[in-house]
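First comes the structure, then the notes that go with it.
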Amino acid sequence: MYRNVSCKIIEDHLVEGKPEPGNEVSIKIDQTLTQDATGTLVYMFLEAIGIEKVKTRLSVSYVDHNTLQTDSRSADSHRYLQTVASKLGVIFSKPGNGICHRVHLERFARPGWTLLGSDSHTPTAGAVGMLAIGAGGIDLAAVMSGEPYRMKMPEILGVRLTGRLAPWVSAKDVALSLLGEIGVKGGLGKILEYFGEGVDYLTVPERATIANMGTETGATSSVFPSDEETYRWLKMQGREEEWINLPTPERSEYDDIVEIDLSKLEPMIALPHSPGNVVKVSEVEGLEVQQVCIGSCTNSSYRDLAVAASILRGKKVHPNVDLTISPGSRQVLRAIAKSGVLADLIAAGARILECACGPCIGMGQAPPAGSVSVRTFNRNFKGRSGTPDAKVYLVSPEVAAATALYGVITDPRRLGPPPKIKEPSMDMEDGLLLAPARDPSKVKVTRGPNIVPPPTFEPLPDSFEGEVLIKLGDDVSTDDILPAGADVLPLRSNIPAISKYVFARVAPRFAEKALRKGGGFIVGGENYGQGSSREHAALCPRYLGIRAVFAKSYARIHKRNLINFGIIPFTFNSPKAYELIDEGDMLKIDVLRERIRRGDDRIPVENVTSNSTFTVNLDLSERSREIILAGGLLNLLNKKYSQTKRRRM
Ligand code: MIC
Ligand code: SF4
């Protein structure tokens, strides 16, 4: 018998290494998922490497982020993605089909399999007993070319769920409570594995809400067992033959355990500007609200929308509130249309948006200046909504709908007996999922003017000298490094153009300065690069000449993205070392190639300005060192695959 579900899946997919916490392991990846905002780069990388057909068992390319088409650029990306998917053997999910994580859960996620996705919320698929991990696009390109996925074996943190949720308390409150308990760094280097009798009472969509927000703790993944409920879900999706029994073993073992008694939970809320600022809703009740948004990959299931509709049925949204609804997928849209949920929402005054990420990524629906927006989403970083001074709160659909009704943050337990939601039978809605071409040679890949091949970089030089261009504090998010939103997202396929937005919200002249100075360094605090998987937050600084970041610690995916683009992620070995560097200081690092080749974990840096020397730590696996020396992963892959191609010729 296995120790726990996560280890079982890892052992079944192990290619190399001993799966003990901290060891380097590589695992085989069965499925991949890309979304449009990160996906165009993935496919451009694959084209650059010269891959003709992806090697995974199943790969899907979704369009869900960049669906606001204010000019031709986003549509250009969609056409490129559709044609390149068809050519390379990838299923294509057209714009409007739904949010990648929702659609993947419905149509493709499989117990016991592995999934790598170029989006940080990929672990949503862990709801069906799958090991699903978020990564940068170049890592995706590598596994789609046939490479195993290399990672440091995470610790497995068992999350024991006991009891049953009280009325008006739902899966989002579980996710928020856990975040409140372990914080936005509490999951770093860990897989969160759920077990205990409380799991039995949670449906797959509810498990998905919880698995989705595990990302906000910094966790590598979140995994549920595959049980009878998983079977019920797959059967409803017409995929019961894909079910396997993958229960929590009787004597399960974890590296550590946290406990959550579901019956004790109350409606929770994350305050601005971090998903980790969690308090009870009752503590902030009464605050006036101007906008309420229901949807996103966290809370856009049939149940989530039906709960909201039942609260609003026969009533009207408060006149000072704008309520938006984004269904997670067309399957959900069709079901709410059939059951009358949609009609209730319309009658109550909700604005119905497309099945896409929408307001979650600042693609439309930016709230009024200085306003309060209450959302069922998973992130509330400053400015992410598109309004720099808006205050975004994260809640369950129950709290969101109650708040929309009264115009102030409202604890739904005031509303009397809770609604009973009966899920209708779901009609499959696969019309916007396109199979790849039978004959790829007939497909012509369409490239509009906004599709610009990614830049190439030189190998690491032996020494470099440069200025500290910016010094930042703790928890800098990738939204700070490279914002999303309606003006920036359409440029995701055009690195020279999007690079102008690096740190645009924090230091508007950063890009111009970096180019003028011929590059330099970034200094950060704890958890540098938290949040999204967007590798643009590494690739664009690299394009501007950034060669190294000095930080107290890093978020997992971002550290990997930095390495993948040849930026060295140095770590301060004491809080004092951070204090000793200032913006504008000139730093110099010598004999770097040799030190990295040897695997030195302490590197001396000269501060030319203050005429002193300090030492930083460098924690890199052998593979990461190879990547940095080569000037980035693309250079390595190019070398490997162009050699195999030459041998074949
Ligand atoms: C996000 O929620 O921040 C995104 C947009 O989905 C990102 C990916 C991206 O930046 O394209 C993510 O979470 O990885
Ligand atoms: Fe889309 Fe928001 Fe989910 Fe990211 S977090 S995938 S932007 S819905």
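The values are calculated or read from the model by the stated rules, or taken from the named source; none is laboratory data. Being a predicted model, the structure only gives us computed values, none of them experimental. Heads up, the Cβs are rebuilt from the backbone with ideal geometry, glycines too, and the neighbour counts pull from every protein chain shown. Just so you know, the surface numbers come from the protein's heavy atoms only, side chains and all, with ligands and any DNA or RNA stripped out. Shrake-Rupley method; radii C 1.70, N 1.55, O 1.52, S 1.80 Å.
Hey, any idea what the orientation-averaged projected area of the convex hull of the range 1-58's Cα atoms comes to, in nm²?
Taking a quarter of the hull surface, the average projection is 5.7 nm².
If you roll a 1.4 Å probe over the heavy atoms of the protein chains, what accessible area per residue do you get for the range 1-146, in Å²?
26 Å²
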TODO: Evaluate the Debye formula for the range 464-523 with equal point scatterers sitting on the alpha carbons, no solvent, and hand back log10 of I(q)/I(0) at q = 0.12, 0.26 Å⁻¹, in q order, two decimals.
DONE: -0.30, -1.15
Task: Rough spin-label spacing in nm, given labels placed 7 Å along Cα→Cβ, for residue 609 and residue 75 - done: 4.8 nm
- [ ] For the range 145-218, give the percent of accessible area contributed by carbon and sulfur heavy atoms, probe 1.4 Å, rounded to a whole number.
- [x] 47 percent
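Grab the DSSP H runs of the chain that are 4 residues or longer, score each as -39,500 (n - 2.57), total them, divide by all residues and round the 222 nm result to the nearest 500 deg cm²/dmol.
Estimated from H runs of four or more residues: -8500 deg cm²/dmol.
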Task: Sparsely packed chymotrypsin sites (Phe, Trp or Tyr not before Pro) within the range 214-311, loop by DSSP, other Cβ within 10 Å at most 12 - done: none
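Would you mind computing the Rg to Rh ratio of the range 327-447 from its alpha-carbon coordinates, Kirkwood style for Rh?
That ratio is 1.08, to two decimals.
Looking at the range 60-174 from every direction and averaging, what is the projected area of its Cα convex hull in nm²?
Averaged projected area of the range 60-174's Cα convex hull equals 9.9 nm².
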Task: On Cα atoms only, tilt of 72-88 relative to the major axis of the chain in degrees - done: 80 degrees
Open item on the list: Please report the spacing between the Cα centers of the range 473-490 and the range 70-126 in Å, no decimals.
Closed with: 22 Å
- [ ] State, as an integer percentage, the relative contact order of the range 160-231 based on alpha-carbon contacts under 8 Å between residues 6 or more apart.
- [x] 42 percent
- [ ] Counting only C-alpha contacts under 8 Å and six or more residues apart, can you give the relative contact order of the range 1-130 as a whole percent?
- [x] 28 percent
- [ ] Take the alpha carbon atoms of the range 526-623, find their radius of gyration, then divide it by 2.2 N^0.38 Å using N residues; give the quotient.
- [x] 1.06
Task: Long-range HN-HN contacts of residue 585 with modeled amide H, under 5 Å - done: 468
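Based on Cβ point charges of +1 for Lys and Arg and -1 for Asp and Glu, what charge dipole magnitude is obtained for the chain about its Cα centre, in debye rounded to the nearest 20?
Dipole about the Cα centre, nearest 20: 1840 debye.
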Open item on the list: Looking at the calculated P(r) for the range 1-117, what percent of the C-alpha pair distances fall above 22 Å?
Closed with: 43 percent
- [ ] Would you mind checking the tilt of helix 302-312 against the longest principal axis of the Cα atoms of the chain, expressed as 0 to 90 degrees and rounded to 10?
- [x] 50 degrees
Task: Selected from 327, 265, 290, residue furthest toward positive end of dipole (the range 263-332; charges at beta carbon) - done: 327
Task: Extended-chain gain in nm, criterion 0.36 nm per residue less alpha-carbon gap, residue 507 and residue 438 - done: 19.9 nm
Open item on the list: With only alpha-carbon pairs counted, each pair once and no self-pairs, how large is the Kirkwood hydrodynamic radius of the range 423-506 in angstroms?
Closed with: 18.1 Å
- [ ] With +1 on each Lys and Arg Cβ and -1 on each Asp and Glu Cβ, and nothing else charged, work out how big the dipole of the range 424-495 is about its Cα centre, in Debye to the nearest 20.
- [x] 680 debye
Open item on the list: With +1 on the Cβ of every Lys and Arg and -1 on the Cβ of every Asp and Glu, and nothing else charged, how large is the dipole of the range 364-439 about its Cα centre, in debye rounded to the nearest 20?
Closed with: 460 debye
Task: Principal semi-axes in Å for the chain [√(5λ), Cα gyration tensor, largest first] - done: 37, 28, 25
- [ ] Name the residue farthest towards the positive end of the dipole of the range 509-635 from the options 589, 545, 599, assuming +1 on Cβ of Lys and Arg, -1 on Cβ of Asp and Glu, about the Cα centre.
- [x] 545
Open item on the list: Students often get this wrong: which residues of the range 424-463 have the backbone nitrogen under 20 Å from the point 7 angstrom along Cα-to-C-beta of residue 598?
Closed with: 460-463
TODO: Take every Cα-Cα pair in the range 173-268 and report what % of them are more than 22 Å apart.
DONE: 31 percent
- [ ] Quick one: which residues, 5+ away or cross-chain, put their amide H under 5 Å from the amide H of residue 616? H built at 1.01 Å from N.
- [x] 603, 605
- [ ] Determine ³J(HN,Hα), in whole Hz, for all residues of the range 420-435 in sequence, where each value follows from phi through the Karplus function 6.51 cos²θ - 1.76 cosθ + 1.60 and θ = phi - 60°; x replaces Gly and Pro.
- [x] 9, 9, 10, 7, x, 5, 8, 8, 5, 9, 9, x, 9, 9, 10, 6
Task: FRET E, pair residue 244, residue 582, Förster distance 51 Å, beta-carbon r, rounded to 0.05 - done: 0.35
- [ ] Give the angle, between 0 and 90 degrees and rounded to the nearest 10, that separates the Cα long axis of helix 330-339 from the longest principal axis of the Cα atoms of the chain.
- [x] 10 degrees
Open item on the list: Defining a contact as two alpha carbons under 8 Å apart and six or more residues distant in sequence, what relative contact order in percent does the range 311-394 show?
Closed with: 25 percent
Open item on the list: Skipping prolines and chain starts, which residues have an amide H placed within reach, meaning under 5 Å, of the one on residue 457, given they are 5 or more residues away or on another chain?
Closed with: none
- [ ] Calculate how large, on average over all directions, the projected area of the Cα convex hull of the range 458-589 is; give the answer in nm² to one decimal.
- [x] 7.4 nm²
TODO: Could you list the trypsin sites (Lys or Arg not before Pro) in the range 144-251 that lie in coil according to DSSP, counting only those with at most 10 other Cβ atoms within 10 Å of their Cβ?
DONE: 251
Task: Span per principal axis, largest first, for the Cα atoms of the range 415-458 (Å) - done: 63, 35, 21
Open item on the list: For the range 207-334, take every pair of Cα atoms, bin their distances at 5 Å starting from 0, and report each bin as a whole percent.
Closed with: 2, 7, 11, 17, 20, 16, 12, 8, 4, 2, 0
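Over the range 128-210, consider all pairs of different Cα atoms and compute the Kirkwood hydrodynamic radius from their mean reciprocal separation; express it in Å, one decimal.
For the range 128-210, inverting the mean 1/r across all distinct Cα pairs yields 14.9 Å.
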